[in-house]
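Visitor: Starting off with a structure, shown below.
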Amino acid sequence: MRPESLFPLFKPVTSLPGVGPRITKLVEKAAGPHVVDLCWHLPSAIIDRRYAPRVEIAGNESIRTQNAKITAAQTLTRAAAGS
């Protein structure tokens, strides 16, 4: 028998806040159907996104985070997109 304190780990991933039907399919495919399966799904890399210089001083060879404000957008039709 497992201790009662471990019961939440064996619940389905849908018991996690913010995990709905669409995310559930992705999580189950990547890790498994239970919360405990996420404990064994370790990251393969980490990207540090704290570096956020102004565009004019940022180098081309570094990973950086930029903030942008989208003020307008257009939807292209297939004919306009060249398909």
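Visitor: Taking the condition of being of a type outside the set (D, E, K, R), assigned to a loop (DSSP other than H, G, I, E, B) and over 30 Å from ALA31 (Cα atoms), how many residues in region 57-66 meet it?
Guide: First, the residues of region 57-66 that are of a type outside the set (D, E, K, R): 57-60, 62-63, 65-66.
Among the residues that remain, those that are also assigned to a loop (DSSP other than H, G, I, E, B) are: 58-60, 62-63, 65-66.
Filter again for over 30 Å from ALA31 (Cα atoms), leaving 58-60, 62, 66.
Matching residues across region 57-66 total 5.
Visitor: Do you know which residues across region 39-56 are of a type outside the set (D, E, K, R) and either in contact with a helix residue (DSSP H, G or I) (Cβ under 7 Å, 6 or more places away or on another chain) or surrounded by fewer than 10 Cβ atoms within 10 Å (Cβ to Cβ) (or both)?
Guide: Result: TRP40, HIS41, LEU42, PRO43, SER44, ALA45, ILE46, ILE47, VAL55.
Visitor: Just to be sure, is LYS69 loosely packed, with under 10 Cβ neighbours inside 10 Å, charged (D, E, K, R) and part of a loop (DSSP other than H, G, I, E, B)? Spell out the reasoning first.
Guide: Working: loosely packed, with under 10 Cβ neighbours inside 10 Å: yes; charged (D, E, K, R): yes; part of a loop (DSSP other than H, G, I, E, B): yes.
Taking the combined requirement at face value, the residue satisfies it.
Visitor: OK, next. So, in region 8-30, exactly how many residues are aliphatic (A, V, I, L, M), in contact (Cβ under 8 Å) with a residue 12 or more places away in the chain and part of a loop (DSSP other than H, G, I, E, B)? Walk me through how you get there before you give the answer.
Guide: Here is the first cut: in region 8-30, the ones aliphatic (A, V, I, L, M) are 9, 13, 16, 19, 23, 26-27, 30.
Filter once more, keeping what is in contact (Cβ under 8 Å) with a residue 12 or more places away in the chain: 9, 13, 16, 27.
Still in the running and part of a loop (DSSP other than H, G, I, E, B): 16.
The qualifying residues number 1.
Visitor: Can you pull out the residues in region 36-56 that are at pLDDT 75 or above and not in a loop (DSSP other than H, G, I, E, B)?
Guide: Residues satisfying the conditions are VAL36, ASP37, LEU38, CYS39.
The values are calculated or read from the model by the stated rules, or taken from the named source; none is laboratory data. Worth saying up front: this structure is predicted, and the values here are computed from it rather than measured. Cβ coordinates were reconstructed from backbone atoms using ideal geometry, including for glycine residues, and neighbour counts include every protein chain displayed.
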